[in-house]
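Input: a single structure, listed below in structure tokens.
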Amino acid sequence: MQDKILVSACFLGKKVRYNGEVKSLSNQLITQWQQEGRLMAICPEVEGGLPVPRSPAEINRNSGKVFTCDGTDVSEAFYLGAQRALALCQQFNIRFALLKESSPSCGSATIYDGSFNGSKVEGAGVTTTLLRKHGIHVFSEKNLSELANLIDSPAL
């Protein structure tokens, strides 16, 4: 049986990003996996109840909470979206996720530093952190080839 992959909906051309823009990931592997019916799309922020468009949000590194640029605490929506992503993975026995780098939900290696000045720091988003705690391997568009090498591996 082929592994299913949880994927950021924005990679598949869905207008779910905070600013409503499309961030499609054009890649032969994505096309192949989509044709094989392996991709399960989600936007944790939308699943958590946030609208499109919405104010940009970043994780405050001191508190771990997520705030919009105007200071609104949207942590609850981010955590709810993460829980829904995890539930989807558990329901469909998904072991791998391909999520948008630097997002406060989906970042797997970097996130914005919480100052809203465009600076990134090493860290993981809310959804990535929860998925990893539950043994799900999370990748970004920056390490897609590593994911390709691991899927369908019985050893994982």
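In the stretch 1-70 the Cα-Cα distances spread across 5 Å bins starting at 0 as 4, 15, 21, 19, 15, 13, 8, 4, 1, 0 percent of all pairs. Between T31 and S55, the simple label model (points 7 Å from Cα in the Cβ direction) yields a spacing of 4.1 nm.
Number of Lys-Lys pairs in the chain with C-alpha atoms under 21 Å apart and a separation of 8 or more places or on different chains: 20. Panel order for T127, T110, T31, by other beta carbons found within 10 Å of each beta carbon, from fewest to most: T31, T110, T127.
What do the square roots of 5 times the Cα gyration tensor eigenvalues come to for the chain, in whole Å, largest first, as semi-axes of the equivalent ellipsoid?
Values for the chain, descending: 25, 16, 14 Å.
Between L144 and N19, the contour length at 0.36 nm per residue exceeds the Cα-Cα span by 42.5 nm. Using θ = phi - 60° in the Karplus curve 6.51 cos²θ - 1.76 cosθ + 1.60, the 3J(HN,Hα) couplings for the stretch 54-66 round to 8, 5, x, 10, 9, 7, 6, 5, 7, 9, x, 8, 10 Hz; x is entered for Gly and Pro.
Working out 0.36 nm times the residue gap between K133 and Q90, then minus their Cα-Cα distance, what length gain in nm do you get to one decimal? Please report the intermediate quantities before stating the final value.
Values: separation 43, 0.36 × 43 = 15.48 nm, distance 1.27 nm.
The span from K133 to Q90 would gain 14.2 nm if fully extended.
Where a number appears in this text, it was derived from the coordinates with a stated rule and is not lab data. All values reported here derive from a predicted model rather than from experimental measurement. All Cβ positions, glycine included, derive from the backbone under ideal geometry; neighbour counts span all protein chains shown.
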